[in-house]
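To start, the structure itself, in structure tokens.
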Amino acid sequence: MEPRSAAESGKDFPYTARTTCYIEVHEDGTVTHGDDRAAYERAAAGESRLFAVWPGEWSSHLFVIDDLDEYAKAHGIKHDVERTGLKEHVHEVRWEPNPYATDSPRSPYIGVSVTLDCGCEINDLRAFAAQMKEQRGWNVATSGGWGSSGRPGGKRTYSLRVRRKSLTD
Ligand SMILES: [Zn+2]
């Protein structure tokens, strides 16, 4: 079976779909499974080749991961401004406690409304959480609900939950 090209599918390739399985073929012919950072680094160094099996309805498809950059961005190994909506800079964050949050005052998390004056958008909460951890020490909850509101063309306001003790400024 001749593998197809993942690069040809561009951003539509289901890099992070639950049903996509990765196979790594090492220089010595060993085959392993997984899609961790180490696998990416070996593939980028030319020490192995990555393939993805994408189970179709009637048959499985085999793809060669020939755009490692796209793969790394999809998996969050490399930051992707386009996917996440987040530039790699220090965000201008305005926040206030969310008056509609339903957390009890004893909850370790507090609901906050966040507006980004720098013009970024939060499309990927995990990426935003990692940046805020680094920039302000915030522990943003990445499981559970979050949302945004705003008019088209206007700034969006995001409802997030942040660990109370980490909200220092
Ligand atoms: Zn920003």
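List of remarks:
- Single match in ASP69, ASP117 (criterion: outside the structural domain of TYR40 (by TED's automatic domain parsing), out of contact with any Ser or Thr (no Cβ under 8 Å at 6 or more places or on another chain), of a type in the set (D, E, K, R) and at pLDDT 90 or above): ASP117
- Check on GLU27, more than 18 Å from the chain's Cα centre (by Cα) and outside the structural domain of ASP117 (by TED's automatic domain parsing): yes
- When residues of segment 126-169 are limited to those that are part of a loop (DSSP other than H, G, I, E, B) and hydroxyl-bearing (Ser, Thr, Tyr), the one nearest to ASP80 (Cα to Cα): THR142
- Selected residue [surrounded by 15 or more Cβ atoms within 10 Å (Cβ to Cβ), more than 16 Å from the ligand (Cβ to nearest atom) and not assigned by TED's automatic domain parsing to the domain that holds ASP117] from ALA74, ALA38, ALA17: ALA74
- Condition met for ARG42 (assigned to a helix (DSSP H, G or I) and modelled with pLDDT of 95 or more): yes
- Picking from residues in segment 81-113 that are aliphatic (A, V, I, L, M) and more than 11 Å from the ligand (Cβ to nearest atom), the one that is farthest from LYS165 (Cα to Cα) is ALA101.
- Test: SER9 is in the same structural domain as TYR158 (by TED's automatic domain parsing), away from the ligand (no atom under 16 Å from the Cβ), over 24 Å from ILE122 (Cα atoms) and not acidic (Asp, Glu): no
- Criterion: modelled with pLDDT of 95 or more, more than 16 Å from the ligand (Cβ to nearest atom) and not aliphatic (A, V, I, L, M) - qualifying residue of GLY56, GLY153, GLY147, GLY137: GLY137
The values are calculated or read from the model by the stated rules, or taken from the named source; none is laboratory data. Predicted model only: the values in this text are computed from it and were never measured. Cβ coordinates were reconstructed from backbone atoms using ideal geometry, including for glycine residues, and neighbour counts include every protein chain displayed.
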